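To start, the structure under review is shown below, and the notes come after it.
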Amino acid sequence: MALTEKDVRYVAELAHLELTADEVTEFLPQLDAILEYIQKLNELDTTQVEPMAQVTYPAAENPALRSDRPQPTFQQDEALMNAPEQGAGYFRVPRVIERE
Amino acid sequence: MSVATEVRTKYEAVIGLEVHVQLLTQSKLFCSCSTRFGDPPNSNVCPVCLGLPGALPVLNRDAVTMAMKAAMALNCAINTRSRFARKNYFYPDLPKGYQISQYDEPLSQDGWIEIEANGARRRIGITRVHLEEDAGKSLHEGFPDSERKSYIDLNRSGVPLIEIVSEPDLRTSEESYDYLTRLKTLMLYLEVSNCNMEEGSLRCDANVSVRHAGASEFGTKTEVKNLNSFRFLQKALEYEIERQIEIVESGGTIEQETRLWDSREQRTYGMRSKEFAHDYRYFPEPDLLPLIITEDWKDEVRRSLPELPEARRQRFISEYALPEYDAAQLTASKILANYFEEVAKASGEPKLAANWVLSELLYLLKEANKEITDSPVSAASLAELLALLSKGTVSGKMAKEILAEMFRAGKRAAEVMSAQGLEQINDAEKIAAMVREIMAGNPKQVEQYRKGKTATLGWFVGQVMKATRGQANPQLVQDVLKRELG
């Protein structure tokens, strides 16, 4: 097993998840199995392959650029329609402040 | 906090600035929502900038053009191919859970800008200029339940920014101030941003470390955020430099962390530092193709670059024979430089124009707490007054008084002059009597003129103007003089 409990807690922290000790123990082998499966890809020799992040290759020029023209979009009430909480035209969320 | 000067001089600060500049586009970077500032909250939003599932970004071409302008003006190389990346972090004003930025392949890199330090010009390296989208705005205060809730406005979400990263080449807070000032001037000249710090169009973070003077290795740095005015920048840097020196002096070690400047308490605060707080897990943005900048596009942008502050400063010196200091002052703002040039051209008196713009006009503006754009005296108006001054129609003292009144009442020079009884004497007989008197008192000049030295006419005009405190109609004076001297 390559993954450690520390890794699991780290990933959970980045995802803002709170895991119990039991959950850490439960997820460790699962995550590890996923990574091991993905590791299989490393068996391929990709030294001659250019890394790619998109499923289409770039053309010589950019096929999909927009000109700078504003278009009417959502009204405020439409924008907030699915918000669990709102007020005064804002989305309302639990207070967050980064401070000492 | 204050560190003794002799201790201070043992250390050197190393500063690099990360400056975010909001681009002046009409629409956002990846969607067509308006970028207008001050609209009702959440009224310029759509599925893309709200981060709704399935929405796809489409890049704004003009934002790229503006970013290229800035990069070129900063002497950066434009990369033919760049790409976007996702910077992942959780914050309520970032609805997608990531910011689309550029990471390993930025739009441009390896530039420089010249600053002035201790009277000498010095190049500060620009690491990179890249494009990214802004986040929304969180309001933590001002609502009845602000103790428990934060309010989120996503109008700003997706607004285009460029991030300009400097090399750690700055050494003092003054240099940093000068760097930021020049950067701002440049952006205003390019018209790619309004650089309004109150509206957040110009934001600055600083990486600061200290080391023993002469050392070549860097100390541990802290990142200072929230430097949202030029004054804050300098104060926060001073504070942070001294804080670090005190720690090192007392044998401590600097912790690598992000600190926030608190302008009310005039100090920096460490933000809760987690060892992995900066794991943004960048990866290439799969929803956007790599950005290809063709040679044609580059040429198009290069051709559209306006005259930049440095070039304009040098031209003012050579074309208008202005002193270095005046040229630097005038070109510090594009609007001021434009105003000056208009006055200089219309009056035909560049040196006079420089003096009057820099001293009298700026003084009046400062007194009235106004910007040059709101000047009640237009450039054309000031030029008229200066033309009267240079012809001797009005004296310098009168011109000052007239200008003050023009400024106060928003009137032109001629209006002020007639309203204040400074109106011209248009009585040909009265002028002729005066001319005869002056001729009688100056036979030598009369003879010179009659012998063909017609330039003497100007001298006579001046004498009549002097005698009438500038109130005689100069054209009439000329006519009468020609007749009488004839």
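The values are calculated or read from the model by the stated rules, or taken from the named source; none is laboratory data. Just so we're clear, the structure is a prediction, and the values are computed from it rather than from any experiment. Methodologically, a virtual Cβ is constructed for each residue, glycine included, from the backbone with ideal geometry; neighbour enumeration extends over all protein chains shown. Ligands, DNA and RNA are excluded from the accessible area calculation, which covers all protein heavy atoms including side chains. Shrake-Rupley method; radii C 1.70, N 1.55, O 1.52, S 1.80 Å.
Structure data summary
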read-out: Unique residue being surrounded by 15 or more Cβ atoms within 10 Å (Cβ to Cβ) and modelled with pLDDT of 95 or more when the list is B:Leu227, B:Leu233, B:Leu260, B:Leu237; value: B:Leu237
read-out: When residues of the stretch B:278-321 are limited to those that are aliphatic (A, V, I, L, M) and in contact with a strand residue (DSSP E or B) (Cβ under 7 Å, 6 or more places away or on another chain), the one surrounded by the fewest Cβ atoms within 10 Å (Cβ to Cβ); value: B:Ile292
read-out: Which listed residue, of B:Lys225, B:Lys235, B:Lys184, B:Lys149, is of a type in the set (Lys, Arg) and in contact with a Pro (Cβ under 8 Å, 6 or more places away or on another chain); value: B:Lys149
read-out: Single residue of A:Glu18, A:Glu78 found to be within 14 Å of chain B (Cβ to nearest Cβ), within 27 Å of B:Pro57 (Cβ to Cβ), free of Cβ contacts under 8 Å to residues at least 60 places away in the same chain and among the acidic types (Asp, Glu); value: A:Glu78
read-out: Filter result for A:Ala12 (closer than 25 Å to B:Asn88 by Cα and open to solvent by less than 90 Å² (accessible area, probe 1.4 Å)); value: yes
read-out: Subset of the stretch B:108-162 (residues that are part of a strand (DSSP E or B), within 12 Å of chain A (Cβ to nearest Cβ) and more than 27 Å from B:Tyr177 (Cβ to Cβ)); value: B:Ser138, B:Leu139, B:Lys149, B:Ser150, B:Tyr151, B:Ile152, B:Asp153
read-out: Residue ID - nearest to the other protein chains (Cβ to nearest Cβ), chosen from residues in the stretch B:36-51 that are open to solvent by 10 Å² or more (accessible area, probe 1.4 Å), in contact (Cβ under 8 Å) with a residue 40 or more places away in the chain and under 12 Å from A:Thr73 (Cα atoms); value: B:Ser43
read-out: The one condition in (1) within 14 Å of chain B (Cβ to nearest Cβ); (2) among the aliphatic types (A, V, I, L, M); (3) more than 19 Å from the chain's Cα centre (by Cα) that A:Met52 fails to fulfil; value: (3)
read-out: Per-region count, the stretch B:150-176, residues touching a Lys or Arg at 6+ places or on another chain (Cβ under 9 Å) and more than 25 Å from B:Glu133 (Cα to Cα); value: 3
read-out: Qualifying residue in the stretch B:112-129 (condition: within 23 Å of B:Lys28 (Cβ to Cβ) and in contact (Cβ under 8 Å) with a residue 12 or more places away in the chain); value: yes
read-out: Qualifying positions in the stretch B:199-213 - outside any loop (DSSP other than H, G, I, E, B) and surrounded by fewer than 17 Cβ atoms within 10 Å (Cβ to Cβ); value: B:His212
read-out: Any hit, the stretch B:375-392, residues being assigned to a helix (DSSP H, G or I), of a type in the set (Val, Ile, Thr) and in the same structural domain as B:Trp356 (by TED's automatic domain parsing); value: no
read-out: Unique match (being of a type outside the set (Val, Ile, Thr) and either open to solvent by 40 Å² or more (accessible area, probe 1.4 Å) or within 27 Å of B:Glu175 (Cα to Cα) (or both)) among B:Gly97, B:Gly54; value: B:Gly54
read-out: Which numbered condition B:Ala63 misses (of (1) over 30 Å from B:Thr172 (Cβ atoms); (2) outside any loop (DSSP other than H, G, I, E, B); (3) open to solvent by 10 Å² or more (accessible area, probe 1.4 Å); (4) modelled with pLDDT of 95 or more); value: (3)
